[in-house]
Amino acid sequence: MPANPPPALHPHAPPPGTPLCGLAEIPEGGGHVVAIGPEDSPFRLILLRSGDRVIAWHNCCPHFGQPLALKDEWLILKPHTSLSCNVHYARFRWADGVCEFGDCEGERLTAVPVAIHGEQVVMGSTDSTP
């Protein structure tokens with residue numbers, strides 16, 4: 001298995017319905033980093049919020065397979081517009097994850113399905129991918 005497998009193959013990807021965080025933990029126009037599983041190989045997500053909509057991306061830059069950010073305070077965001085990798089500053093569009101600047105231009109982040117249940121953001125099923 002690759003060092004950073006895609007979400008569907010990741011050994012620590014949680015099943016649909018698993019709580020990820022409270023909706024209030026994701027600031028409007030901001031992001032929240034989530035890691036699930038053991039420290040040495042967690043399933044990493046970046047959750048982005050626009051109003052009552054949350055988009056989730058596998059926290060893995062397609063350039064080198066490294067996380068875009070490991071902590072919320074390290075996220076490089078232009079609210080509702082883009083997010084960037086901390087390693088080589090590749091810039092990805094907020095809405096569709098396509099790299100518009102950097103060494104992986106034209107590649108994209110991997111979408112992860114999420115849903116909002118009440119005030120909780122939970123793992124979604126494959127038919128709820130953004």
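The values are calculated or read from the model by the stated rules, or taken from the named source; none is laboratory data. Here the structure is a predicted model, which means the values were calculated and not measured. Note: ideal-geometry Cβ built from the backbone for every residue, glycine included; neighbour counts use all protein chains shown.
Restricting attention to region 14-45, the residues that are without any contact (Cβ under 8 Å) to a residue 60 or more places away in the chain and among the hydrophobic types (A, V, I, L, M, F, W, C) total 5.
Scan region 32-44 for residues that are within 14 Å of PRO11 (Cα to Cα) and in a strand (DSSP E or B) and jot them down.
The initial filter retains those residues of region 32-44 that are within 14 Å of PRO11 (Cα to Cα), namely 35-44.
ALA35, ILE36, PHE43, ARG44, listed by residue number.
When region 19-40 is limited to residues that are charged (D, E, K, R) and in contact with a strand residue (DSSP E or B) (Cβ under 8 Å, 6 or more places away or on another chain), the one that is nearest to PHE92 (Cα to Cα) turns out to be GLU28.
Taking ARG53, is it exposed (fewer than 14 other Cβ atoms within 10 Å of the Cβ), at pLDDT 95 or above and in contact with a strand residue (DSSP E or B) (Cβ under 9 Å, 6 or more places away or on another chain)?
Numbers: exposed (fewer than 14 other Cβ atoms within 10 Å of the Cβ): yes; at pLDDT 95 or above: yes; in contact with a strand residue (DSSP E or B) (Cβ under 9 Å, 6 or more places away or on another chain): yes.
In short, yes.
Each residue in region 33-64 was checked for being over 15 Å from ALA111 (Cα atoms) and of a type outside the set (A, V, I, L, M), and 11 of them qualify. Is it the case that region 79-86 has a residue that's in contact with a Ser or Thr (Cβ under 6 Å, 6 or more places away or on another chain) and within 12 Å of ARG49 (Cα to Cα)? Within region 79-86, one or more residues are in contact with a Ser or Thr (Cβ under 6 Å, 6 or more places away or on another chain) and within 12 Å of ARG49 (Cα to Cα).
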